[in-house]
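Undergrad: Can you keep this structure in mind? I'll have questions shortly.
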Amino acid sequence: MTSTWSDLLSLEKPLKANEFHVNFNTELFNAKYLPVDIQNKLDQRWNELLNEKKTGRVLYNQSKFRLHSVTMKNNDQKQIILNLGLTDYKGFICTQQQTISNDIRQYIHEDNLAHPLGVGSLLITADDKIVLIKRSSACLDSPNLYDIPGGHAEPE
């Protein structure tokens, strides 16, 4: 049974180590390939982004874990399984973060999306304040916005 995020939000207590598993399989859980002509257009857009002269922008491609799905099992005890493959930052930016024309967008479906696995933390100080970070103006993805501390795990 594939879980919805609301199922995960309804957990009543933190998971124990034996209640949480990762199923890493690049053959099953990587994003599906796009037609060559569509991928070439996305590669061209990535190269345009690399060549833009934005002061201070840092942009590079790096592999990330791809969250394909979450499975919950309720046998003797509750188990949550993360089904992970691999993706990269270029795939995330080009398929999910950029304005894409409809002639390209029509070919991009859920199975083609990068869905990088992100990590985040909610930090509460001793005086009950929440710690946020301000994203750099050099970020292509959501520059200058406030966010919780976190990032993406890199397989390397």
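The values are calculated or read from the model by the stated rules, or taken from the named source; none is laboratory data. Treat the numbers as computed from the prediction; the structure is a model and nothing was measured. Because the Cβ atoms are built from the backbone with ideal geometry, glycine has one as well, and the counts that use them run over all protein chains shown. Surface accessibility is based on the protein's heavy atoms, side chains included, excluding ligands, DNA and RNA. Shrake-Rupley method; radii C 1.70, N 1.55, O 1.52, S 1.80 Å.
Undergrad: Counting only protein heavy atoms and a 1.4 Å probe, tell me what percentage of the range 1-149's accessible area is made up of carbon and sulfur. Spell out each step's value before the answer.
TA: Values: 5270 of 10070 Å².
It is 52 percent, rounded to a whole number.
Undergrad: Next question, about the same structure. Let me know the Rg and Dmax you get for the chain when you use only its Cα atoms, in Å.
TA: Rg and Dmax of the chain, Cα atoms, are 18.2, 57 Å.
Undergrad: Tell me, in nm to one decimal, what length is gained between Leu145 and Leu123 on full extension, where the rule is 0.36 nm per residue of separation less the Cα-Cα distance?
TA: Value of the extension gain: 6.2 nm.
Undergrad: Please report the relative contact order for the range 28-156, taking Cα pairs under 8 Å with a sequence separation of at least 6, and give it as a percent rounded to a whole number.
TA: 29 percent
Undergrad: While we're looking at this one, here's another question. Assuming R0 = 41 Å, what is the FRET efficiency of Ala153 and Val36, from their Cβ-Cβ distance, to the nearest 0.05?
TA: Plugging the Cβ-Cβ distance into 1/(1 + (r/R0)^6) gives 0.85.
Undergrad: With charges set only on the Cβ (+1 for Lys and Arg, -1 for Asp and Glu), what does the dipole of the chain come to about its Cα centre, in debye to the nearest 20? Numbers along the way, then the final one.
TA: Details: 17 positive and 19 negative charges, 62 e Å.
Value, rounded to 20: 300 debye.
Undergrad: What's the lysine pair count for the chain at a Cα cut-off below 21 Å, pairs eight or more apart or interchain?
TA: Lysine pairs meeting the criterion: 13.
Undergrad: What number, rounded to the nearest 500 deg cm²/dmol, is the helix-based mean residue ellipticity at 222 nm of the chain, given -39500 (n - 2.57) per DSSP H run of at least four residues and division by all its residues?
TA: For the chain, the value works out to -5000 deg cm²/dmol.
Undergrad: Which angle from 0 to 90°, rounded to the nearest 10, does the C-alpha axis of helix 36-51 make with the longest principal axis of the chain?
TA: Once rounded, the angle reads 80 degrees.
Undergrad: For the chain, what does the accessible surface come to per residue with a 1.4 Å probe? Please give it in Å².
TA: On a per-residue basis, 68 Å².
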